[in-house]
Amino acid sequence: MIQERSDSQTIPADFTILALETSCDETAAAVVRGGRTVLSNIVASQLDEHRRYGGVVPEVASRQHMLSLVPVVREALAVLPGGWNDVHAIAATSGPGLSGALLTGLNAAKAMAFQRGLPFVGVNHLEAHIYANWLDSSAQHAVGSGQAPLTFPLVALVVSGGHTLLALVRNHGDYQLLGQTRDDAVGEAFDKVARILGLGYPGGPAIQQAAEGVQGAGVLPRAWLRDSYDFSFSGLKTAVLHKVQERQELEAKVAPKRAANERERRPPPAAPPAAPQPPAAKAQASSVTPQFVGQMAYAFQESVVDVLVTKTVDAAQKFGANAILLAGGVAANTRLRAELARRATVPVRFPPISLCTDNAAMVAAAAFYRFDAGVQSGWELDVNPALKLG
Ligand code: KG4
Ligand code: ZN
């Protein structure tokens, strides 16, 4: 059922879109009906390919997309009894993202649309993240009266590995950028801090897990950038780095003394002589404890969440938003969700975790409203790695 039909709606309610998403390290295809019913949502993650490098390697990403695209599209279409005959239009992410990665999906989508004689539209990845909130399962994750149909204006907080922005959504496809990050994206900060703390990749879920149940952690600075809806996270990342270095220096000084005291208390047996210390033991002595890692993860997460929530709630009040939409990979963060829901004065909506991280269902949702407004892309549409919102 479509609840947010505009008067200008021109397409049928069962309009079925096949969408592709290849902007970064996820090869995704989805079939969505009526802009909100997800019939299939297939995501082939490349996480294992990139994990060993601690981040996404563009060349590796493009190659993996080439390998995964056809099987992923086949799987997504398998849900339709009539196969291609049940598809009314095709969409693909055209930017922002990695140019080689974007090219694989956009060109595949154009080729399929051309061959099948179907309408085609290119979609902004940031817009797609916001539109994940129009998919049926997102309404079920709403807080307050967020299950109600969305009415404009809305305030959207997009937080992902590559982007951090706050936008006023005045109508379908009508955005005003209120603020964005001046340095690192939030997800990037999570990933970098996780690396500093020796936690896994991707860093967001690892930090969230390490911070769970932590008590007695100190407070890290917050970059408020007063009178602005912009964000900054690189100073916070540096603050964590300095704290870890200080702690390591302290541990390095204390550990040999502690070991000497231990030896005095318990003199070693006369024979056999103690084996020489392997280098690994020295590295161990200078590393920080899991308790310290947990406290840093907690303090970092609290600092990030406080700034994001404060600015979002403020923007919603100032611009008279009817609801707040949370979007992007970092929207999976449970602490961010809970704190936003607690402090917001209007309903908050966020997608289920599977629709927060990169997927093609959100691309189809955004495409639906573009087709509905009579928008289509020409075959000349190229990727735009630096595409902006609005
Ligand atoms: O939207 P996304 O899948 O890809 C981009 O478009 O960037 O976002 C990925 C980012 C990664 O930086 C990852 O660490 C972060 O989302 N992320 C999280 C959580 N789950 C994923 N950050 C914080 N808490 C989480 N639970
Ligand atoms: Zn994304």
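The values are calculated or read from the model by the stated rules, or taken from the named source; none is laboratory data. Being a predicted model, the structure only gives us computed values, none of them experimental. Every residue, glycine as well, gets a Cβ built from its backbone with ideal geometry; the counts of neighbours run over all protein chains shown. With ligands, DNA and RNA removed, areas are computed over all heavy atoms of the protein, side chains included. Shrake-Rupley method; radii C 1.70, N 1.55, O 1.52, S 1.80 Å.
When GluC sites (Glu not before Pro) are flagged only if DSSP places them in a loop and at most 15 other Cβ atoms lie within 10 Å, the longest unflagged stretch of the chain comes out as 5-211.
With both labels modelled 7 Å from their Cα along Cα-to-Cβ, the Gln291 to Gln176 distance reads 5.1 nm. Residue order by solvent-accessible surface for Met112, Met362 is Met112, Met362, largest first, with ligands and nucleic acids left out and a 1.4 Å probe.
Basic side chains Lys and Arg get +1 at the Cβ, acidic Asp and Glu get -1 at the Cβ, and with that the dipole of segment 12-161 about its Cα centre reaches some 160 debye. If the cut-off is 20 Å between C-alpha atoms, which lysines fall inside it for Lys253, apart from same-chain ones fewer than 8 positions away? Within the straight-line limit of under 20 Å, Lys253 reaches these lysines: Lys243, Lys282. What the pair-distance distribution of the chain shows, using all Cα-Cα distances binned every 20 Å from zero, is 27, 50, 17, 5, 0 percent. For segment 15-21, putting each phi into the Karplus relation 6.51 cos²θ - 1.76 cosθ + 1.60 with θ = phi - 60° gives couplings of 3, 10, 10, 9, 10, 10, 9 Hz, in residue order, rounded to whole numbers and with x for Gly and Pro. The simple Förster model, with R0 at 35 Å and r as the Cβ-Cβ distance, assigns Asp136 and Asp183 a FRET efficiency of 0.45. If each DSSP helix of 4+ residues adds -39,500 (n - 2.57) and the sum is divided by the residues in the chain, what number results at 222 nm, nearest 500 deg cm²/dmol? Calculated from helices alone, the mean residue ellipticity at 222 nm is -13500 deg cm²/dmol. When the solvent-accessible area of the chain is split by element, carbon and sulfur atoms take up 54 percent of it, the probe being 1.4 Å.
FRET efficiency for the Arg195 to Asp306 pair, using the beta carbon distance and R₀ = 22 Å, is estimated at 0.45. Take the Cα of Arg52, step 7 Å toward its Cβ, do the same at Leu381, and the gap between the two points is 3.7 nm.
Per residue, the solvent-accessible area of the chain (1.4 Å probe, heavy atoms of protein chains only, all protein chains present) comes to 46 Å². Relative to one another, the C-alpha centroids of segment 213-258 and segment 110-133 are positioned 42 Å apart. Along the chain, the exposed loop sites are trypsin sites (Lys or Arg not before Pro) outside DSSP states H, G, I, E and B with at most 14 other Cβ atoms within 10 Å, and the longest stretch free of them is 227-387. Residues within the reach of a label modelled at Glu212 (point 7 angstrom out along Cα to beta-carbon, backbone nitrogen below 12 Å), restricted to segment 34-58: there are none.
One chain, two ends: Thr238 and Arg343. Fully extended at 0.36 nm per residue, the span grows by 35.0 nm beyond their Cα-Cα distance. Extents of segment 6-51, largest first, come to 47, 18, 12 Å (Cα atoms, principal axes, whole angstrom).
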